[in-house]
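Accompanying notes for the structure given below.
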Ligand SMILES: Cc1ncc(COP(=O)(O)O)c(C=O)c1O
């Protein structure tokens, strides 16, 4: 995996002087990414093909890795021996089918919603929501860290009059934004236009939880007329938070107060697709105004059946033990890593931090996403150290996170063990020990840690320039 990654970071355009301008220009654009060693590439997953431990995938309940979903899916297929794999058309034309309608009803009921619209992916859902729901003159307010698909939807597809971000999870910043809207957006103030607030239950790169109740209180106080309505993207809470994995909004009992929710099926459900939970008015808007819903083939029976299999597991309570185990492992990780004497020293030196490991006892629940922060230039070194110790947790860099905020993102799963969790914590601590020793070393000494030296020597063999 490291070797594929290294090879992919090697600049290509300089060697293409005599080749087609078409490909050379594309490679030049890609070289900008390569120069930062930030080119995305489709690579082998070593936790799938070797004995490395998965602390990175989105198979949170391990329904995919354990084979449990496959078993339930095969049983589901057996119930419909005459199925046709594909839908045969767009949902609004020839692609609708009874099974999909029943599934939407079942999932909506499970999450306490009036109805739902099953779509091809969470990304597609966010394009649809922002294209169809804000009407001209409406205003969008959003947490600055919402997912790229929401940003894409609101920036490129929305009819909203304007958009205002608020600082991540910051209720005061949210209040300031709403007060500014009260002052400047007369139609909203008069109650003839709405504000749509976009938040996520759990943030994908930070693993922290939205202060949803506080935001709703602030909104009701500043706009008592109900002009402010919330959209909650539950991609990271589906299956792992709330009663039987029904999500964060269900955990808070706010099903009736949130007009739009998104549950995606590519993560804990180990399948694909997504559902937008809403009422019939919102669903009609989505099916009439969202081009990403109208001009695409309806979700296939195969995908729908695998999602139904996943929901059967949730409904039967077969995923509850996994849900609890994730809670246990994350707490165990926090206790173990902070108990190591190097933790306090490395934190004080600014070489390691994990904001979620602080005050976790006061939270109603912990989340499976745990970012580990280090000095930005060390992120790759920590990732190399973990990978060479057979723990797969990847570094996340700009543009996935803001510049200067790179981190190693650890994700816990139902099938991770306590021993693996201990191993991960020990590996992070042994790396921190090495880094502090190197930082204290005499000037002039080689300050590159062992794992990084190993990777850099491989890179030299491949003639790839080291920029980190
Ligand atoms: C918060 C959030 N919303 C939406 C999506 C997109 O979902 P999908 O992978 O189904 O397209 C993701 C995917 O990572 C996500 O993290």
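Rule-based calculations on the coordinates, nothing more; no lab input. It should be emphasised that the depicted structure is a prediction, and the values quoted were computed from it without experimental measurement. Ideal geometry is used to build each Cβ from the backbone, glycine not excepted, and the neighbour counts take in all protein chains shown.
Ordering 206-217, 407-418 by mean Cβ neighbour count within 10 Å, with the highest value first, yields 407-418, 206-217.
Using a cutoff of 8 angstrom between alpha carbon atoms and counting only pairs six or more residues apart, the relative contact order for the range 68-315 works out to 30 percent. Of all DSSP bridge pairs formed entirely within the chain, close to 50 percent run antiparallel. Between residue 4 and residue 318, the modelled label-to-label distance comes to 3.1 nm, taking each label 7 Å out from Cα in the direction of the beta carbon. With contacts taken as Cα pairs under 8 Å and at least 6 residues apart, the range 75-136 reaches a relative contact order of 14 percent.
Between the beta carbons of residue 358 and residue 438, assuming R0 = 35 Å, the FRET efficiency works out to 0.85 to the nearest 0.05.
If you fit an axis through the alpha-carbon atoms of helix 212-222 and take the longest principal axis of the Cα set of the chain, what angle between them do you get, 0 to 90°, nearest 10? Approximately 50 degrees, to the nearest 10. Got the relative contact order for the chain handy, in percent, Cα pairs under 8 Å and 6 or more residues apart? Reported relative contact order: 20 percent. For the chain, the 222 nm mean residue ellipticity estimated from helices alone, with every DSSP H stretch of n ≥ 4 adding -39500 (n - 2.57) and the total spread over all residues, rounds to -13000 deg cm²/dmol. The angle between the Cα long axis of helix 450-461 and the longest principal axis of the Cα atoms of the chain comes to about 90 degrees, rounded to the nearest 10. Summary of the geometry: the range 91-137 and the range 1-80, compared by the centres of their Cα atoms, lie 29 Å apart.
Taking the chain as the reference, fit the longest principal axis to its C-alpha atoms, fit the long axis of helix 68-79 to the helix C-alpha atoms, and give the angle between the two in degrees, 0 to 90, nearest 10. Orientation of helix 68-79: about 30 degrees from the principal axis. Protection proxy ranking for 122-130, 218-226, using the average of other Cβ atoms within 10 Å per residue and placing the highest first: 122-130, 218-226. Just how far, in whole angstrom, is the range 194-213 from the range 305-365 if you go by their alpha carbon centroids? First find each Cα centre; the distance between them is then 19 Å.
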